[in-house]
2 protein chains.
Amino acid sequence: MSSTETITNYLARRASEVNESLDKLLPPAEVHPQQLHRAMRYSVMAGGKRIRPALVLTSGEALGANTAELMPAACAIEMIHTYSLIHDDLPAMDNDDLRRGRPTCHKAFGEAVAILAGDALLTLSFEVLASTTLNADRRIRVIQEFSVAAGSKYGMIGGQMADIENEGKTVSASVLERIHREKTGALIAASAAVGAIIAGAQDDDTERLRGYGQRIGLAFQIADDILDVTSTSEQLGKTPGKDQAANKATYPAIYGIQASHARARQLVDEAVETVSTLGRNVSLLQEIARFIVARTS
Amino acid sequence: MSSTETITNYLARRASEVNESLDKLLPPAEVHPQQLHRAMRYSVMAGGKRIRPALVLTSGEALGANTAELMPAACAIEMIHTYSLIHDDLPAMDNDDLRRGRPTCHKAFGEAVAILAGDALLTLSFEVLASTTLNADRRIRVIQEFSVAAGSKYGMIGGQMADIENEGKTVSASVLERIHREKTGALIAASAAVGAIIAGAQDDDTERLRGYGQRIGLAFQIADDILDVTSTSEQLGKTPGKDQAANKATYPAIYGIQASHARARQLVDEAVETVSTLGRNVSLLQEIARFIVARTS
């Protein structure tokens, strides 16, 4: 980031690099089975902020990896994230019609195609991770990180399941934090850690970046909870108020809006502190952390 | 297989070894999130024939690998197979109520849990493959094999999608063969090839086992098509006649029952011939090939 580039511009620039690589890694829309590949592209190329890929790239570059080494993992984590959104939006799950301002995958392509498109993106992410030019040991470590972070025991699917199990129930703050840590935090923390792994970092630097990612991951979800309460459909690109309508456990519901803001800011401060002694590009990682909360105010 | 052991006994014995390992690799049912882990176990431990794991074990042992090295990959391919069945049975897909003689996963646990249980099994399979004691290069090759075989371009998901796209249409024999090759054949062929990879086989032996797997994979699907027409619900453990009811492309529909039997037998003969010059346990691989067709008569 040059001295005059804002963090918004930086993230937009990285998103456009990531989009270019995703376009190359996704099967062409005209290749069999076309309808499925169109659906995969429709959902992946719908234009998210690419926060997780940006974390892989920025963390890895901070510890000396080059962009080309990092890009396949950056794209793979976005495929995993997108698959989870597609399945989360299904009628049997959150039953959402709108995502990133457009009809959800099952609304555009039908439920069967949406289920398969999610399955195919998850599968493709591991094919991509297994087929990079990194040495095999590092490829294996990256696959371990992402599969655990996306999995049922400590990761994303576990958080989604707990979210469903607790719908309509009054949950404690600690249960809510666990759901958030698993559902959103795990992939974000793994993104930062994987950058370090690809850079061949020492374990303590990898763990420092993981700690940074855990904090901004939780701050990110708190910000999402706040946005769900305070935004319009147009601002959000998806249906707002869904959490409340579904009686989902959220930070604002337990702590109120102001205390939720304060908790998010505190996590960001901790994240900023955690990376302060790392190598290069520290200020970028710190700016990304601040950006996570800034989008809510 | 001792001289007096039948192939049915051999497969039952390997299935019981595989079940023991699956039980260890699956998250315990009492670990959070319990409902999800119960659903994963319900579907995986429903007692399939474990043909794919048997192929990994028998192929690998024929080329000198030991059982312990092969077992994680044998279990991983069964997790991938089971995830595909769970998602295939969903109301938006085949809408099946019965699988292996019991209610399907979504009938027993609800649709949301079934979607997540499938996702979690696919994710866990890659975690298991990344965490074996094999050297990292072989682990990577196994992950590549299974991710491509389960994927959209040349693999299982592509075949499922083509199957859906062609429902109610009259398809040519070549389109039908492609659907079968992808939907069922790819995982079976990869199972045989992965055994060879784990054994550190020369490329020509790996490709010979892949060719063997491709042939029995296609024969297996033809046998399944025949069983769907000729069996009762009790014999099949799932609802028969579903293919016909859904206007699915099948071998009996295009060729008739007799010609379908003949084609399956021809493929088995080719498979038996393909492995005839391999190392140890050739007769086991040949017996497995014959068993594939025998179950239809």
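Readers should treat all values here as calculations from the given coordinates under stated rules, not as data from a laboratory. Note that the structure is predicted; figures quoted are calculated from it, not measured. Positions of Cβ are backbone-derived with ideal geometry, glycine not excepted, and every protein chain shown enters the neighbour counts.
Loop-resident trypsin sites (Lys or Arg not before Pro) (DSSP state other than H, G, I, E or B) in the range B:114-223 with no more than 13 further Cβ atoms inside 10 Å of their Cβ: B:Lys169. Between A:Ser172 and B:Asn66, the simple spin-label model (points 7 angstrom out along Cα→Cβ) gives 4.6 nm. Each of B:Ala108 and B:Arg13 was given a label point 7 Å from its Cα along the Cα-to-Cβ line. The distance between the two points is 2.9 nm.
Here are some pairs, A:Lys49/A:Lys107; B:Lys49/B:Lys169; A:Lys153/B:Lys49; A:Lys49/B:Lys153; A:Lys107/B:Lys169; which of them have Cα atoms lying more than 29 Å apart in this structure? B:Lys49/B:Lys169, as the Cα separations exceed 29 Å there.
Extension gain for the segment B:Lys49 to B:Asp204, taken as residue separation times 0.36 nm less the Cα-Cα distance, is 52.9 nm to one decimal. With its label point defined 7 Å out from Cα along the Cα-to-Cβ axis, B:Pro103 lies at 3.3 nm from the matching points of the other copies, in increasing order. Under a model in which nothing but the beta-carbon of Lys, Arg (+1) and Asp, Glu (-1) is charged, the range A:161-200 shows a dipole of about 100 debye around its Cα centre. Contact order, relative form, for the range B:7-294: 20 percent (alpha carbon pairs under 8 Å, 6 or more residues apart, mean separation divided by residue count).
Once the Cα-Cα distance is subtracted from the 0.36 nm per residue extended length, the B:Gln266 to B:Ser283 segment shows a gain of 4.3 nm. For the segment B:27-35, counting C-beta atoms of other chains within 10 Å of every residue's C-beta and taking the mean gives 4.
What does the average come to when, for each residue of peptide B:129-141, you count the partner chain Cβ atoms lying within 10 Å of its Cβ?
Taking all residues of B:129-141 together, the mean is 5.
Pairs of Cα atoms nearer than 8 Å and 6+ residues apart set the relative contact order; for the range A:1-152 it is 23 percent. Note on B:107-117: average number of Cβ atoms from other chains within 10 Å of each residue's Cβ is 4.
Taking a ≥ b ≥ c as the square roots of the eigenvalues of the Cα gyration tensor, the range B:7-294 is oblate, since a/c reaches 1.5 or more and a/b is not larger than b/c.
Membrane-span-like helices in chain B (whole DSSP H runs, Cα extent of at least 27 Å along the helix axis, mean Kyte-Doolittle hydropathy of at least 0.0): B:67-89, B:111-130. The alpha carbon convex hull volume per residue for the range A:98-176 rounds to 151 Å³. Amide H to amide H, with H built 1.01 Å from N, B:Arg99 comes under 5 Å of B:Thr104, counting only residues 5 or more places away or on other chains. The Cα-based radius of gyration and maximum Cα-Cα distance (Dmax) for the range A:124-240 are 16.2, 48 Å. With the gyration tensor restricted to C-alpha atoms of the range A:14-156, the semi-axes of the equivalent ellipsoid amount to 26, 16, 15 Å, longest first. Close amide H pairs (under 5 Å, H built 1.01 Å from N) link A:Ala150 with A:Met156, residues at least 5 positions away or on another chain. Can you find, among A:Leu11, B:Ala189, B:Ala112, the residue sitting farthest towards the positive end of the charge dipole of the protein assembly as shown, where Lys and Arg contribute +1 and Asp and Glu -1 at Cβ? In the protein assembly as shown, that residue is B:Ala112. Multiplying the residue separation of A:Leu227 and A:Gln34 by 0.36 nm and removing their Cα-Cα distance gives an extension gain of 65.9 nm. Shape annotation for the range B:1-71: C-alpha extents along the principal axes are 45, 23, 15 Å, from largest to smallest.
The convex hull drawn around the Cα atoms of the protein assembly as shown, when projected onto a plane and averaged over every direction, covers 25.7 nm².
Shown for B:Val44, B:Val272, B:Val56, A:Val229: other C-beta atoms within 10 Å of each C-beta, ranked fewest to most, produce the order A:Val229, B:Val272, B:Val44, B:Val56.
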